[in-house]
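Here is the structure we will look at, set down as structure tokens.
The values are calculated or read from the model by the stated rules, or taken from the named source; none is laboratory data. Model, not experiment: these values are computed from the prediction. When we count neighbours, we look across all protein chains shown, and the Cβ atoms used for this are built from the backbone with ideal geometry, even at glycine.
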């Protein structure tokens, strides 16, 4: 198996509880891959292994060819993460916040491109505190897509911002209006011009 994200025979236990038992899948560059399953199936644990927050007990995970557990700052600067909830400063407005986050990366995806693509321009003057849940998700998604290489995303069981507009703006997600809602999704390169 190869790809932007690789999970091969992943195992992770917490005491006697096996949270992940032999998971294997790959996400190709330029695609959106959903990991579906009931509560307790190991989706979050798998994504945390991909983020380098947990060390697998067995098997192998790779993000952009690197083991996230031991990856250094060069690798981490190429991977964006969107949390399931929270993490946005409540008094910020979306565009200045995204410009601030973009300054943390050597070659970020252009903020204006993400703002237009995700429809953030429609509520650009609103502070995070006053945004709807869906609007907050769009801003958090834009922040996760700033690194040019890859993004890992943890979502509740619904489409990004619950909106077919935001979801269909992803390359390769044209049929997503009828697709099952992801519990966790992994996206490859966020610049569509460099996708295969």
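Values computed for the structure shown
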quantity: Residue within the stretch 46-57 that is in contact with a helix residue (DSSP H, G or I) (Cβ under 7 Å, 6 or more places away or on another chain), surrounded by 20 or more Cβ atoms within 10 Å (Cβ to Cβ), over 30 Å from residue 136 (Cα atoms) and modelled with pLDDT of 85 or more present; calculated: yes
quantity: Residue among 193, 176, 161, 181 that is at pLDDT below 50, within 15 Å of the chain's Cα centre (by Cα) and either in a loop (DSSP other than H, G, I, E, B) or surrounded by fewer than 20 Cβ atoms within 10 Å (Cβ to Cβ) (or both); calculated: 181
quantity: Condition check for residue 58: over 14 Å from the mean Cα position of the chain (by Cα), without any contact (Cβ under 8 Å) to a residue 40 or more places away in the chain and under 30 Å from residue 9 (Cα atoms); calculated: no
quantity: Residue 84 vs. criteria within 29 Å of residue 19 (Cβ to Cβ), assigned to a loop (DSSP other than H, G, I, E, B) and touching a strand residue (DSSP E or B) at 6+ places or on another chain (Cβ under 6 Å); calculated: yes
quantity: Selection status of residue 96, within 17 Å of residue 10 (Cα to Cα), free of Cβ contacts under 8 Å to residues at least 24 places away in the same chain and either part of a helix (DSSP H, G or I) or touching a strand residue (DSSP E or B) at 6+ places or on another chain (Cβ under 7 Å) (or both); calculated: no
quantity: Selection from the stretch 105-118 of residues that are out of contact with any helix residue (DSSP H, G or I) (no Cβ under 6 Å at 6 or more places or on another chain), outside any helix (DSSP H, G or I) and touching a residue at least 24 places away in the same chain (Cβ under 8 Å); calculated: 105, 106, 107, 109
quantity: Residue in the stretch 23-40 that is at pLDDT 90 or above, loosely packed, with under 13 Cβ neighbours inside 10 Å and more than 26 Å from residue 105 (Cα to Cα) present; calculated: yes
